[in-house]
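For reference, the structure is listed below as structure tokens.
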Amino acid sequence: MNESPLKPTDLSEGDANLSDHRRQWTSRLDETTRNWIERDAAVFLHQSLSTPCLNVLGGCGDGAMTDLSGRRILDFHGNSLHQVGYANPAVIAAVKKQLDTLSFCPRRYTNPAAIRLAEKLADIAPGDLNRVLFAPGGTSAVGMALKLARVATGRFKTISMWDAFHGASLDAISVGGEALFRKGIGPLLPGTEHVPPADPRHCLWDPAGRCDGCGLKCARYVDYVMEKEGDVAAVIAEPIRCTRVNPPPGGYWKAVRDACDRHGALLIFDETAVCLGRTGRMFAFEHEAVLPDIVILGKGLGGGVFPLAAIIAREALNVGREIALGHYTHEKNPAACAAGLAAIGYIEEHHLVERSDVLGRTAVGRLKARLGGHPLVEDIRGRGLLFGLELGANGRPAFREAEQIMYECLENGLSFKISGGNFLTLTPALTLPEEELFRALDILEAAVSAAGGASVPPPVHPITLNQRKS
């Protein structure tokens, strides 16, 4: 079956793996790597964003990966799960110790590692968010949250955002809002209403993106939909859109929280991608001074080693005793829970939440100083070590230039994600040494300069690009 290139409108969750840039990149890989990629393509079902693969890895550690040819690549993507870095010694030690005693816990039993992790999550979560349930992945946790909302409210309808991502399963894409995951699948869950995202840069009510004069019409529209539907179980949303780093306007989540309370709906925050300190707070919703009814955690919760996710619900939602909300085989996997407990301990011991805030401000400040006037750069924004650049040229999104920049950076040892086709999303490990942050910014600034035909000042910290591991 012939595969056609992705359209720019489909570039919501990643770069175009069928583009000319990707083919040129693949052709420059060494023969051993290309052989492994061909073997991958011959045995796995093909799907967008992963076939053909970008490269073949042989190792990882701290905030970097190593490919089969020995090239060390700073990973500013990491699927947003390497908060404590790859192969974190504390996490690895905790997992090894757990494997020596209890490697698996069947359902109907519990274990100290699972209990301690649940207790820890309840302890660090604000307010009365203190009832926990684990799942083997973020998408499964989204499903559990939706089921709990139905049980608690007796309703089944949801409100979510267009362009949001909540996972790739059928229930998750039903509440998700990205065309790439929904198209061609057929009927989705009923009652999944969608509203425009609260994004000042793409405001439907004020194209200029001014949020000081419209009275938060985006939030009022959520209230309007709840009133008209009359029986909404929950609003589910990302407190900040991870891929394009879109914080909502001030007061938005407070207004939505008030609307949920008036209409008897739950507020579910999906923090799968931004949990555990990435935004400069342990929980991203802490920036908004709003308490959700359920928060979903994933990715980094497994310490960069195990797939692990969780929902944390308010005490009043402990109402599912007679049904199975999750019922997953690895619900209380002791090794995964040991990894999660070690990861949170490491974040606290090494003050990585505060570090994320400081380094994020440093990175965004430097990028604004050095690229703020660049003709390709329309915006630079961030929250903690979740930051990035929006690219445009002559009034259009700079899709091709974004890809050119990404592959130039890959050649020189820096990996990141392209979101929406023209946003360079940067999510490094929270453990990243400051000198490696500067090295990555040097690589990025040079690539943007080469793509846009405009120069930037010499690097503040000169480095040798395309370093190889000895």
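Computed quantities for the displayed model
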{"item": "Region 304-353: trypsin sites (Lys or Arg not before Pro) falling in loop per DSSP and having at most 14 other Cβ within 10 Å", "result": "Arg321"}
{"item": "Local electrostatic count at Ala446 - Lys and Arg +1, Asp and Glu -1, tallied over other residues with Cβ under 15 Å", "result": "-2"}
{"item": "Ranked list, fewest to most other Cβ atoms within 10 Å of each Cβ, for Leu367, Leu189, Leu54", "result": "Leu189, Leu54, Leu367"}
{"item": "Residue-wise HN-Hα coupling along region 259-264, computed from phi with Karplus coefficients 6.51, -1.76, 1.60 (Hz; x: Gly, Pro)", "result": "5, 4, 4, 5, 9, x"}
{"item": "GluC sites (Glu not before Pro), loop per DSSP, at most 11 other Cβ atoms within 10 Å - longest free stretch of the chain", "result": "4-321"}
{"item": "Set of aspartates and glutamates near Lys183 by C-alpha distance (under 15 Å), chain-local residues within fewer than 8 positions excluded", "result": "Asp10, Glu13, Asp163, Asp171"}
{"item": "Sites Phe44 and Val358, calculated FRET efficiency, Cβ-Cβ separation with R0 45 Å, nearest 0.05", "result": "0.65"}
{"item": "Using θ = phi - 60° and Karplus 6.51 cos²θ - 1.76 cosθ + 1.60, couplings along region 155-167 (whole Hz; Gly, Pro as x)", "result": "10, 10, 7, 10, 10, 9, 9, 4, 6, 7, 10, 10, x"}
{"item": "Size of charge dipole - region 89-349 - debye, nearest 20, with Cβ of Lys, Arg +1 and Asp, Glu -1, no other charges", "result": "500"}
{"item": "Alpha-carbon centroid distance for the pair region 354-423 / region 18-53, whole angstrom", "result": "25"}
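No lab work stands behind these numbers, since they all come straight from the coordinates. Just so it is clear, the model here is predicted, and its values are computed rather than measured. Backbone-built Cβ (ideal geometry, glycine too); neighbour counts: all protein chains shown.
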